[in-house]
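Read through the structure below, which is laid out as structure tokens, and then see the notes.
The values are calculated or read from the model by the stated rules, or taken from the named source; none is laboratory data. Nothing here was measured: the structure is a model prediction, and the numbers come from that model. Glycine also receives a Cβ, built like all others from the backbone with ideal geometry; neighbour counts cover every protein chain displayed. Accessible surface is based on the protein model in full, side chains and every heavy atom, while ligands, DNA and RNA are left aside. Shrake-Rupley method; radii C 1.70, N 1.55, O 1.52, S 1.80 Å.
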Amino acid sequence: MSEARLQAFHPFLRLTALLDGIPPGSSPGPEGKPVLLHVGEPRNAPPDFVAEAIAEAAPGWSRYPPPRGDAAYRAAAVAWLERRYDLPEGFLDPERHILPLPGSREGLFFAAIVLAGAKNGPRTGRGEGKGAILMPNPAYHVYSGAAAAIGAEAVMVPATAETGFQPEYTGLDPAVLERAALAYLCSPANPQGAVAEAPRQAALIDCARTHGFVAAFDECYSEIYFDAPPPGALQLAAASGSLDQVLAFHSLSKRSSAAGLRCGFVAGDPELIGRLDQAFRFGGAGVPLPVLAAGTRLWQDEPHVVANRQRYRENFDVAERVLGNRFGARRPAGGFFLWLDVGDGEAAALKLWREAGIRVLPGAYMCGEEGDDSAPGAPYIRIALVDDPELTEAALGRLVEVLQ
Ligand SMILES: Cc1ncc(COP(=O)(O)O)c(C=O)c1O
């Protein structure tokens, strides 16, 4: 895999290349600084007790992170999953079903390396060779980057208005499903915020078991929602009475506005968790003990998560007021992105930067490799509503002036 090829998948490198050397226009941001709406990075601080927990656990800095974290963290993760998804007590075993991760990104990337390198896992037994990786199109770039990094076939499945902005894996050609080693499903989805409803998730789990691939559920936005809490894969696994072929990736980055903490976990099939654990023991950084101490406290606390949801709800209220139904704007079921149909996303991103100092992500950059013209995201831009409502209002107001 050449460095250039990997770069061709990276949306932010592509955005830098697009805007490089172009001075930002006069912006509605504080002191006229550019308004950065391209990155999905929370701008509010995590609760104060994070710093306190880290300070109290400071002796842990001299130790290497234990590969499976510590018992308190695993127990807090399981207790949260049981509460959140109403799981039967004892369905998850903290020793076998949980692997702490720095973030969902590391787990999602390693999953491709470890579980999709060959379609020859113990329960698949279907011969040699790289398995295909199924992913939504558009999607979080780490899925296609991971496939590119291991030289696996990336099967990009449209997640468009016609499909409810979620991919329809179960309708794929059975030959493709037989080739598949891994499928990523993101709910709520980045970039469109669509939730995969329970039947869709259950059907994917069934399909994964029938065809012998891993169903990797990216649930890092699971706590940012505006109506009912989105269903999760573990809930559906519990309903099926088994964790076979299911992995659910969770993180404190969005839920607790703690992206810099690097703290999350993957839960699911103990055999797959064991294989991931082994690989992380060779190539992973682990999660330091003081970080696990802070993470334990965060998984135990819900009020800060409720406040976070309220903050994003206010931003979408602002968006609704300022945008109306321009550019097909709609409040997503979850996540914190606006996904706007502006006709030509790349041209709009360039114009917004040049005329208003507003940085947004062209939808095409979430659709796989540069030069690939099968880009259902091309008419769109993605906007992260992570600033305070005042700046959000000013930026969206300016966006309307520039683009309409
Ligand atoms: C869809 C999706 N998955 C995973 C991640 C990774 O987040 P983290 O590694 O911080 O948990 C992100 C981050 O932006 C994301 O948008």
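Observations on the structure shown:
- Region 1-95 - percent relative contact order, Cα under 8 Å, separation 6 or more: 12
- The Stokes-Einstein estimate for region 279-389, based on a Kirkwood radius over Cα pairs and taken at 37 °C with 0.692 mPa s viscosity, is a diffusion coefficient of 195 µm²/s.
- Normalised per residue, the accessible area of the chain is 39 Å², obtained with a 1.4 Å probe and no contribution from ligands, DNA or RNA.
- Heavy-atom accessible surface of the chain: percent carbon and sulfur, 1.4 Å: 53
- Taking the Cα atoms of region 49-301, the ratio Rg/Rh between the radius of gyration and the Kirkwood radius comes to 0.95.
- Over region 49-301, relative contact order from alpha-carbon pairs under 8 Å, at least 6 apart, %: 30
- For LEU134, the residues whose amide H sits under 5 Å from its own are VAL155, ALA181, LEU182, ALA183, TYR184, ignoring neighbours fewer than 5 places away on the same chain, with H placed 1.01 Å from N.
- J(HN,Hα) series, region 16-31, from Karplus relation 6.51 cos²θ - 1.76 cosθ + 1.60, nearest Hz, glycine and proline x: 4, 4, 5, 9, 3, x, 9, x, x, x, 5, 9, x, x, x, 6
- Rounded to 10°, Cα long-axis angle of helix 289-300 versus longest principal axis of the chain: 80
- Protection proxy ranking for 314-322, 246-254, using the average of other Cβ atoms within 10 Å per residue and placing the highest first: 246-254, 314-322.
- Close amide H partners of ALA159, meaning residues 5 or more places away or on another chain with modelled amide H under 5 Å apart, are ASN137.
- Estimated vicinal HN-Hα couplings, Hz - region 322-335 in sequence order (Karplus 6.51, -1.76, 1.60; Gly, Pro = x): 7, 8, x, 9, 4, 6, x, 4, 8, 6, x, 5, x, x
- Couplings for region 80-93, taken from phi via the Karplus curve 6.51 cos²θ - 1.76 cosθ + 1.60 with θ = phi - 60°, read 5, 4, 4, 5, 5, 10, 6, 7, x, 4, x, 5, 9, 9 Hz in order; Gly and Pro are left as x.
- Packing here is the average count of other Cβ atoms within 10 Å per residue, and on that basis the peptides 109-115, 199-205, 171-177, highest first, run 109-115, 199-205, 171-177.
- Note on the chain: antiparallel DSSP beta bridges, both residues inside, total approximately 45 percent of the bridges counted.
- Annotation for region 51-75 versus region 250-283: alpha-carbon center distance of 15 Å.
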